[in-house]
Each structure stands twice: as structure tokens, then as C-alpha cells.
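Working notes for the structure below.
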Amino acid sequence: MRLRPLTLILAAAITLFAQADITLQRAMRKETLEGDLNGAIALYKQAVAEAKNDRGIAAKALLRMAECHQKLGDAKARKIYEQVVRDFADQKEAAVARQKLAGTDTRASGIIARQIWADAIDGEGQPSPDGQYLSFVDWTTGDLAIRDLATHENRRLTNKGPWSGSEDFALDSLFSPDGKQVAFSWFNSKNKNSWELRMVPTAGPSSQRVLYRNDDLEIIRPFDWSPDGKEILTLFRRKDRTHQIAMVSVADGSARMLKTFDWRAPFKMSLSPDGRYIAYDFPPAEDSQERDIFVLSSDGSRERIVLQDPANDTFPVWSPDGSRIMFVSDRAGSNGIWIVPVADGRAAGQPELIKADVGPLTPMAITRKGSLFYGLMLRDTTVYVSALDLRTGSLTQPLTPVNRPYTGNNFSADWSPDGGQLAYFSRRGLSQQRGSMLICIRSSDTGKEREFITPLAYIGGLRWSPNGRALVIWGTDDKGKKGIFEFDAVTGAIAPIVATGEDFRDPMWSPDGRTLYYRSSRVIARDRETGREREIVPGPMATNYMALSRDGSKLALLVEHLEKRAMGIYVVPTAGGEVREILTLPEGISGMVLEWEPSGRNVIFARAKNTELWRVSAEGGQLEKLNLGMKNAAVMRTFRFHPDGRQIAFTSGQAGKSEVWTLENFLPTLRSKQ
Amino acid sequence: MLLLAVIAIPLGLDHYLPAPEDNPITAEKIELGRRLFFDRRLSADGSVSCSTCHDPARAFSDGGPLAAGVFGRIGRRNSPALINRGYGRAFFWDGRANTLEEQVLKPIQDTNEMDLPLPQAASRVGLDTRAIAQALASYIRSILSGDSSYDRFVNGDRAALSPQQQFGLQIFRGKANCVACHAGPNLTDESLHNTGVAWRDGKLADMGAGAGRFKTPTLREITLTAPYMHDGSLATLRDVVEFYDAGGHANSGLDPEIRKLNLLPEEKRALIEFMTALSGKLPNYTQEFRPSVALAR
């Protein structure tokens with residue numbers, strides 16, 4: 001009883017801190033997802049006021065507020081950065097603010113960062129050599145398109161029609177040196193899902209030309225055009241998962257293989273302006289997570305390491321005069337843009353930091369005038385936990401984000417069978433490389449977290465095993481092979497369970513641990529002891545997601561009805577038997593998710609583009625909308641119920657939002673001329 | 001004047017053939033290396049040369065389970081084929097040498113192979129040790145095999161492999177997952193693995209690079225290089241396929257990629273048939289002391 005006043009004070013303080021955190025998250029969403037910088041500034045200000053004694057949240061909110069002002073070109077940015085440095089010296093944001101202050105002093109450096117496309121449809125194209133156009137993929141259809149950066153008009157260069165008629169799409173693209181052609185990779189669904197290197201004139205309408213096609217390749221990615229326009233620097237991924245640098249002739253489409261890599265590949269390759277050298281990034285050793293910058297002669301005669309450093313040096317791009325290589329590196333602690341002078345394919349001086357703390361950017365190219373174009377992918381996927389009342393279908397506590405330092409990068413949470421642990425995975429740095437995916441296990445009692453770096457290049461989802469000592473994961477190993485893996489939650493060891501390379505998803509163990517269920521176009525039960533597989537649903541089925549009831553007796557499946565442009569929820573006994581559709585959702589095909597209610601009586605599923613949760617009886621019948629959805633129309637990517645049915649863990653947020661920026665006047669030679 | 005050797009790179013291999021900065025490939029060094037390769041003076045009793053265990057007619061292997069050396073001595077391991085070693089990153093079955101220049105001098109000194117101290121070897125041929133190493137390494141870099149049916153197939157000629165070989169390639173990449181180690185143009189990952197070959201009678205008969213790990217050999221010219229494995233313990237390709245189908249020899253260090261495959265008889269036949277498609281064009285090095293590399297300035 002004596003503790004009650006203190007408890008109340010603590011509860012009030014926790015509530016206030018939680019409110020500040022929620023406001024901060026709302027502000028970040030407004031900034032990154034909605035692109036409403038003024039609205040975000042107002043919310044950051046509110047978060048600072050609510051944070052009161054939580055200096056961490058206050059510093060973070062102030063820093064982001066300053067960044068918004070900076071993006072708006074507002075001089076207030078500098079004052080707020082100075083406030084963070086002065087008043088929050090004990091917080092890590094102070095160091096960032098210090099770097100920002102150096103970066104915002106454009107009078108001294110003359111370097112200008114300019115956002116040129118706020119809500120980019122795609123942030124991975126390339127600018128034309130004169131910087132007037134930007135190539136990109138119009139993901140509404142998958143067509144190749146270009147954007148006039150002066151008028152903001154987008155124009156498609158291909159016309160494949162809607163997704164419903166064709167699953168073809170363009171991917172990487174680049175302008176020819178004269179700006180009259182765009183080379184691009186094309187996924188051809190009508191030719192055994194193969195990849196092609198194509199060309200199309202920018203002044204349409206005109207027909208495309210298939211430059212290179214090889215059924216033995218898994219992917220073709222053009223990276224640069226030789227200065228004489230005669231060859232295209234290309235990366236091949238072969239069916240044995242190795243990668244090759246190839247030069248493809250524009251005249252006859254022949255390919256000259258220069259160098260082979262294992263399952264890893266350069267992030268970026270760039271030809272020197274004289275066409276003699278190819279700069280690329282690659283890990284120096286098999287077990288290395290960091291990359292170095294290499295230069296390979298384009299005739300294959302020699303190769304040298306230009307930058308060898310414990311830091312992660314990535315995305316090399318030659319300067320227009322060939323005297324420097326720009327690259328992205330964390331050698332100053334966070335991602336920054338650097339340049340190193342080069343001569344005859346060797347480093348000719350020390351690297352110089354151009355712009356600090358640039359975030360997860362993807363350099364595209366440097367135009368003739370020396371402007372660096374780059375894309376920014378802003379992630380916003382957060383794991384939240386909360387208490388709920390499933391009878392009323394309402395949350396009974398505010399949502400709390402887990403792993404606050406990495407909010408925005410956390411996915412796919414699942415409660416252990418005893419509810420004592422919450423496992424999820426967290427992405428750090430660049431995706432699709434060894435060491436970028438971490439598995440985090442959080443104690444429900446203490447909130448303490450254990451993190452495990454995995455050798456997996458990609459994790460798609462995870463579930464606890466019934467013994468609570470392991471997780472079953474679907475994803476891709478470090479050699480690029482898809483599979484299902486078992487993760488030992490005590491030792492962190494990972495071993496493949498199903499490693500045929502087939503794209504199996506949503507694995508989950510039966511309650512007795514003897515049977516593993518998973519799906520591709522088939523729904524499969526695999527006996528743990530014998531490895532024997534059994535198809536639960538006869539024949540192929542366009543299943544998008546599946547979940548096993550807690551007693552292991554039934555699977556709920558989300559199935560695409562392509563012809564009806566609808567989704568169906570099916571229930572099927574795991575022992576085999578009737579596959580029964582309990583609900584048809586006539587709202588189009590979408591990547592929905594579902595779970596069983598702990599009671600096993602109902603299936604709960606996300607709809608309305610995954611912004612709402614609904615409940616339907618496993619026997620079919622009336623629908624009920626639950627009040628469990630995220631505010632601000634955030635998308636629910638996964639959700640799982642605590643075994644006691646009184647808590648829920650969400651993964652919420654958008655997959656990512658792209659922006660395109662330019663960095664101007666950053667090359668020392670150009671700066672000195674000015 | 002030095003002639004830079006422009007080695008014709010066969011279809012399927014990388015145009016970039018790595019060589020150290022201080023040992024660029026030249027025609028003179030290739031020729032000198034070729035002469036040294038066949039020179040028996042580099043062995044203690046003058047009975048063997050490099051070519052004794054690396055016979056060009058057998059894709060530079062020797063046909064025996066274990067290497068034969070001077071005075072009738074027998075080595076510990078099988079003589080590996082010297083095919084496309086210029087692309088290698090680790091040398092010897094246990095990967096203990098990092099460069100070809102380092103590797104080529106070891107067999108000369110090895111008591112079970114040529115058993116000749118390096119100063120004596122240098123004196124006999126009138127060259128310093130560094131020149132011997134650079135010349136032999138340059139020669140080995142020039143031994144290339146490519147332009148096989150497999151190479152033509154993966155470069156777009158879909159008729160280059162028979163239907164059975166194509167089925168074998170599918171097994172190679174899929175169910176049998178051979179590409180976990182045998183990948184890339186040279187069909188090796190240049191890495192070390194414990195496949196269980198060394199596991200005998202409950203213990204490792206050879207530790208290899210440690211824990212029973214040995215380097216993945218190339219599969220090019222595989223029909224010429226029997227018997228197989230680091231100890232030459234498997235006489236035929238069929239034996240090799242059966243070994244892997246059974247999941248290797250189980251032991252605590254077994255590579256996780258090695259497990260029972262449950263291949264069907266027709267899948268095994270197709271796999272073997274596919275491996276016959278990995279023979280390409282080897283240069284004619286069978287005539288000693290006769291230049292056989294095309295040279296260019």
C-alpha cells in the first residue's frame with residue numbers, strides 16, 4: 001500500500017514518456033511517409049514539449065525538426081542544431097548535430113544538397129548526362145519511364161499494359177552518353193521468366209531492341225555505358241548463383257566476361273570517363289562484412305585495390321574528369337560521401353569526406369556538370385506491442401515500439417510458446433548482404449534484448465518452435481539460396497531444414513514439433529524425422545499467406561482469385577480433407593496477412609490495404625471489424641497474439657519511401673573553378 | 001625484349017586472368033616455365049619432373065590414387081589437375097599456399113615428391129629461386145580449359161548439351177546442389193569443406209586444412225582425372241555420385257551442405273553424363289621443350 005503513490009507517479013511518467021514517443025513516431029511518419037515537413041515540425045515540437053525529462057526523445061525530436069527546417073531551406077535549422085549541441089551534449093544526437101552544422105555551412109563549402117523528387121515512384125534509375133531527365137520504373141505498370149526534371153512530367157518509354165495482362169517489368173536503367181537511348185533490364189514473363197538487356201530511344205515512339213538474352217542467367221543489370229557508346233558494363237547473375245562482370249557490345253549483343261564473383265556481387269560498378277577502368281565495391285574476404293573499392297581494367301589485363309580499409313566502402317562512381325572516385329563509406333562512424341583522387345587506376349591521395357551522415361542513400365551517377373544524383377530509401381517498419389481485449393476487439397494500452405534505437409527497421413515479431421520472449425528481426429545497413437539481418441530476442445519480463453547477427457542475406461519471416469528454444473525462418477542464405485532454416489535461440493547457430501532453393505514461405509511447426517508446414521504454390525507438410533513431404537492441398541494454389549491454428553489441426557490460407565481480382569480465406573485440416581473457403585474479399589489482390597485467434601474459433605485478418613483488422617469465424621459467417629488497427633493508416637505487415645490472448649505484437653509501417661536528391665558543387669576541381 | 005603473352009581465353013573463362021604485379025605474364029616466362037615443368041633435374045635423383053604427377057595427357061593429373069615421388073616414394077595425397085589454376089585463390093588440397101609462386105616451389109622440396117633443396121635446384125638449372133617460381137607459375141597460368149559443351153550451352157547454344165546432360169545440369173544445380181561448392185566458370189568455390197572423405201574408422205585419417213577440410217577441386221576435364229578426392233579413394237565418377245548421394249561420411253565436422261540426396265538411378269546417370277560435358281580444349285603440351293602458346297606483342 002505504501003508503494004501506491006510512487007507507482008502512480010511512475011505510471012504517470014511512463015504514460016507521458018510513451019505519449020512523447022508516440023508523438024515522435026507520428027512526426028517521423030508525417031515527415032518520411034507523407035512528406036509533410038511543416039506538419040512534422042509541429043509534431044516534433046509537441047514531442048519535445050511532452051518529453052520533458054526524457055532527454056533522449058527530446059534530442060531526437062529536435063534533431064529531426066532541424067533536418068526538416070534544413071530540407072525547407074529554413075535558417076532555423078542552424079539554431080536548432082546549435083541548441084542540440086549546447087543543451088544535449090550527453091546525447092548521441094549532439095555529435096550528429098555537430099556534423100550537420102559543418103554540413104549546413106554552405107557559405108564555406110558551397111556544397112548544396114537538393115531534393116528533386118519527394119515522392120519518387122522509384123529511386124534507382126539514372127540521370128541523363130545533362131541532368132535534365134531521370135530514368136525510373138513506373139511501378140504502376142512496370143514500364144520504363146523518364147521524368148523531365150524541369151517540368152516534372154513523366155513519360156513512359158515502354159508500354160506493356162497493366163499488371164493484370166503482363167507480369168513483365170523493367171528494372172535497372174541508364175542513359176547512353178549522348179542521352180538518346182536508355183539501356184535497361186527487362187523481366188520477360190513470357191520467356192520462362194528470363195531477363196533481357198534492352199535499349200529504347202528516348203525520343204519515342206520507337207521500338208525496343210533486345211540487346212542480350214541468355215536463358216542461363218537469373219538476372220542482368222546494366223551499370224554504365226562506355227564513353228564511346230559501344231559497350232554496356234553489365235552484371236550477370238548465373239543460375240549457379242555466381243556473378244560476372246560483362247561488357248555487352250551495343251553493335252552485335254555479344255558479351256565479354258571479365259571477372260567472376262561468387263554468390264556476392266558489387267553494389268555498384270562505374271566506368272572511368274576514358275573507358276579504361278571499372279571501379280566496383282566488393283568484400284575483400286569471404287567472411288568480411290565490409291567492402292573495399294577495386295579498379296579492374298576494362299580489357300581484363302589487371303586489377304587493383306584502390307581503397308583497403310576496415311570501414312565499409314561502397315558505391316564507387318567516377319567523377320566526370322576521371323580524377324576522382326566518389327564513394328559511400330562509414331569510415332567516419334556513419335554513412336558519408338567521400339572522394340579519393342585516382343591516377344592510372346590507383347589511389348593518388350587520401351580520401352576526403354564531402355558530406356557526413358547521409359543515411360541509406362544509393363548513388364545513381366554524376367552528371368557532366370558534376371551533380372551527384374542519389375536515391376534515398378526511407379524505411380518505416382516498426383514492431384509494437386500492446387495489451388488488448390479480444391472480446392471487445394480493442395487495445396487496452398497505447399502501442400509501445402520495441403528496440404527504439406532501430407525503430408523503423410524491425411519486422412515480423414512472434415511470441416514464444418510460453419510468452420516469455422518476443423523474437424523479431426532487425427535490418428541494419430544495406431540489405432541483401434551477410435550481416436545485415438539480425439535476430440533480436442526480447443525478454444517479456446525485463447525488456448532486455450539479445451541480438452544475433454545471422455549469416456543470412458535475407459529473412460522473410462520467423463516463428464517460434466514449440467519447445468521455445470528455436471525459431472524457424474524462411475529467407476535466403478549468404479550464398480543466395482532460398483530455404484527454410486532453424487535458428488538456435490540459445491547459441492545463435494543456424495542450420496538449413498529445407499535447402500532446395502525453392503521459394504518456400506511461412507514455415508511453422510506442429511505443436512508436437514514433428515511436422516513442419518510451409519507453402520510455395522503448394523502447401524506442404526514435412527516429417528521432421530524422415531524428411532518425407534506430403535501435399536495438404538492437392539495441386540497448385542495461389543496462396544499468399546498461411547497460419548496454423550494453435551492446436552495444429554487446421555491451416556488458414558489466404559488465396560488469390562486472379563480471375564475475380566479477389567482474395568479468399570480458406571481453412572483446411574492439416575490431416576487432409578476438405579479445403580473450404582470461408583470468405584471471399586472482393587477488394588482486389590493484395591499482400592494480406594492473417595492469424596488464428598488463440599481460441600482457434602476465429603481467424604483474424606488484415607484488410608483495407610492492411611490498415612484494419614477484421615474477425616471471421618473459422619466456420620464462416622458474419623464479419624466483425626476490430627479496433628486494433630494502427631492510426632494514420634499505417635500498414636500492418638504482420639501481427640501475432642501472445643499465448644494468453646491479452647497482448648498483441650504488430651509489425652507496422654510502409655516498406656519504404658523513395659526520394660531523389662542531388663548533391664551539387666561537391667567535386668573539389670569544380671569548386672576551385674568557381 | 002619481353003613479349004607480353006596474350007593468352008587466348010577460351011569460351012567460358014574470365015578475360016581477367018590474375019597475376020601478381022611483380023610477375024606479369026610474359027611469353028618468355030611461360031616458355032621457361034614450360035621447360036622447367038618437364039625438367040627432371042629439379043628432382044633429387046633426376047627421376048621425376050613436375051609433369052610426372054601432372055601429365056598433360058591426363059589434364060595434368062597422374063591417374064594414380066597418390067602422387068609418386070623420387071626413390072619410389074609415395075605421397076600423402078592425390079595429384080590434383082592443374083587446370084585453370086591461374087584463377088585459383090588457394091593452392092594444394094589443404095589450401096596452404098596463397099599464390100602460385102608460393103605453391104610451385106613446395107613439391108620441389110617435399111621429401112615425398114622431388115626432394116631437392118631450393119639452392120640445389122637453382123644451381124642445377126642456373127636460375128635463382130624467384131625466377132623458377134615466377135616461370136613455373138606463369139606456365140601454370142597458361143594452362144586453360146574452356147569452350148566445352150557446357151560453356152557453349154550456358155552462353156546461349158541450347159543444343160550444345162544433350163537432353164540427358166541438360167537433365168543432369170538441372171540435378172547438378174537443384175536436387176543434388178553440387179553448385180553449393182562447384183560454382184562459377186571453374187566449377188569450384190576455391191573453399192575448404194569437410195565432405196567426410198577423410199573420415200575412416202571413427203577418426204579423421206587426414207586433417208587436411210584442419211577438421212578434415214579440403215579444397216573443392218575443379219570439375220573441368222573431370223573424365224581425365226580419375227581417381228577422385230584428395231586421397232584418390234574413389235575410382236570412378238559413379239563412385240563419387242554414390243558417395244555424395246549417401247550424404248558423405250557422417251562426422252562432427254561434416255559440411256552442412258552435405259546430406260543424403262536420395263537421387264534416383266536416372267538422376268545419377270544424368271549427373272555423370274553432364275560431367276562428361278565439362279571437357280574442353282586443352283592446349284597441346286605433350287611435346288616437351290616445344291613452345292605451344294600463341295604469343296603476341
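The values are calculated or read from the model by the stated rules, or taken from the named source; none is laboratory data. Computed from a predicted model, the values in this text were never measured in an experiment. Here the Cβ positions follow ideal geometry from the backbone for every residue, glycine too, while neighbour counts run over all protein chains shown.
What to note about this one:
- Of the residues making up region A:145-173, those that are among the polar types (S, T, N, Q) and surrounded by fewer than 21 Cβ atoms within 10 Å (Cβ to Cβ) are A:THR151, A:ASN154, A:ASN159, A:SER164, A:SER166.
- In region A:232-249, the residues that are buried (at least 21 other Cβ atoms within 10 Å of the Cβ), more than 24 Å from the chain's Cα centre (by Cα) and more than 13 Å from chain B (Cβ to nearest Cβ): A:ILE232, A:LEU233
Conditions tested, residue by residue: (1) touching a Pro at 6+ places or on another chain (Cβ under 6 Å); (2) under 16 Å from B:ARG173 (Cα atoms).
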site	(1), (2)
A:GLY475	no, no
A:ASP478	yes, no
A:LYS482	no, yes
A:THR491	no, no
A:ALA499	no, yes
A:ASP503	no, yes
A:TRP509	yes, no
A:THR515	no, no
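- Here the condition is being at pLDDT below 95 and more than 14 Å from every other protein chain (Cβ to nearest Cβ); of A:VAL317, A:VAL328, it holds for A:VAL328 alone.
- Residues of region A:483-520 classified as charged (D, E, K, R) and either without any contact (Cβ under 8 Å) to a residue 12 or more places away in the chain or more than 14 Å from chain B (Cβ to nearest Cβ) (or both), total: 5
- Qualifying residue in region A:254-265 (condition: under 22 Å from the mean Cα position of the chain (by Cα), modelled with pLDDT under 95 and not basic (Lys, Arg)): yes
- Test result for A:VAL342, β-branched (Val, Ile, Thr), part of a strand (DSSP E or B) and either within 23 Å of the chain's Cα centre (by Cα) or within 14 Å of another protein chain (Cβ to nearest Cβ) (or both): no
- For B:ILE25, the test of being under 18 Å from A:ARG302 (Cα atoms), of a type in the set (Val, Ile, Thr), modelled with pLDDT under 90 and within 21 Å of the chain's Cα centre (by Cα) is failed.
- Note on region A:1-118: enclosed helices (runs of 4 or more DSSP H) holding 1 or more residues that are farther than 25 Å from A:VAL635 by Cα and at pLDDT below 85 are A:4-32, A:55-71, A:76-87, A:93-104, A:106-109.
- Filtered by the rule that a residue be among the charged types (D, E, K, R) and part of a loop (DSSP other than H, G, I, E, B), region B:232-274 gives B:ASP255, B:GLU257, B:ARG259, B:LYS260.
- For region A:221-244, a residue qualifies if it is part of a strand (DSSP E or B) and over 16 Å from A:VAL317 (Cβ atoms), and the qualifying residues are A:GLU231, A:ILE232, A:THR234, A:PHE236, A:ARG237, A:ARG238, A:HIS243, A:GLN244.
- Test: residue in region B:264-277 that is crowded, with 19+ Cβ neighbours inside 10 Å, within 14 Å of chain A (Cβ to nearest Cβ) and in contact with a Leu (Cβ under 7 Å, 6 or more places away or on another chain): yes
- Of all residues in region A:196-209 being surrounded by 15 or more Cβ atoms within 10 Å (Cβ to Cβ) and assigned to a loop (DSSP other than H, G, I, E, B), the one that is nearest to the other protein chains (Cβ to nearest Cβ): A:GLN208
- Residue list for region A:133-179, restricted to those being free of Cβ contacts under 8 Å to residues at least 40 places away in the same chain and part of a strand (DSSP E or B): A:PHE136, A:VAL137, A:ASP138, A:ASP143, A:ALA145, A:ARG147, A:ASP148, A:ASN154, A:ARG156, A:PHE169, A:ALA170
- For the residues A:THR392, A:THR407, A:THR382, the requirement of being of a type outside the set (Asp, Glu), surrounded by fewer than 19 Cβ atoms within 10 Å (Cβ to Cβ) and at pLDDT below 90 singles out A:THR392.
- From the list A:GLU581, A:GLU612, the lone residue that is over 27 Å from A:LEU388 (Cα atoms) and touching a Gly at 6+ places or on another chain (Cβ under 6 Å) is A:GLU581.
- Qualifying residue in region A:298-321 (condition: polar (S, T, N, Q), farther than 21 Å from A:PHE666 by Cβ and over 31 Å from the mean Cα position of the chain (by Cα)): yes
- Test for B:LEU264: is it in contact (Cβ under 8 Å) with a residue 40 or more places away in the chain and either in contact with a Lys or Arg (Cβ under 7 Å, 6 or more places away or on another chain) or over 16 Å from B:SER79 (Cα atoms) (or both): no
- For region A:326-335, the criterion of being within 30 Å of the chain's Cα centre (by Cα), within 21 Å of A:GLY480 (Cβ to Cβ) and part of a strand (DSSP E or B) is met by none of the residues.
- Among residues of region A:325-349, those that are in contact with a Leu (Cβ under 9 Å, 6 or more places away or on another chain) and farther than 23 Å from A:PRO360 by Cβ, counted: 2
- Only one of the numbered conditions (1) more than 14 Å from every other protein chain (Cβ to nearest Cβ); (2) surrounded by 15 or more Cβ atoms within 10 Å (Cβ to Cβ); (3) closer than 30 Å to A:LYS609 by Cβ is not met by A:LEU562, and that is (2).
- Looking across region B:140-152 at every residue that is within 13 Å of another protein chain (Cβ to nearest Cβ) and surrounded by 21 or more Cβ atoms within 10 Å (Cβ to Cβ), the one that is nearest to B:GLY168 (Cα to Cα) is identified as B:TYR150.
- Only one of the numbered conditions (1) part of a loop (DSSP other than H, G, I, E, B); (2) under 30 Å from A:ARG256 (Cβ atoms) is not met by A:VAL182, and that is (1).
- Taken over region A:210-231, the criterion of being away from every other protein chain (no Cβ under 14 Å) and at pLDDT below 95 is satisfied by A:ILE219 alone.
- Hey, B:GLN170 part of a helix (DSSP H, G or I), more than 26 Å from B:PHE37 (Cα to Cα) and more than 14 Å from chain A (Cβ to nearest Cβ) or not: no
- Scanning region B:190-210 for residues that are surrounded by 22 or more Cβ atoms within 10 Å (Cβ to Cβ) and either within 14 Å of another protein chain (Cβ to nearest Cβ) or in a helix (DSSP H, G or I) (or both) returns a single hit, B:HIS193.
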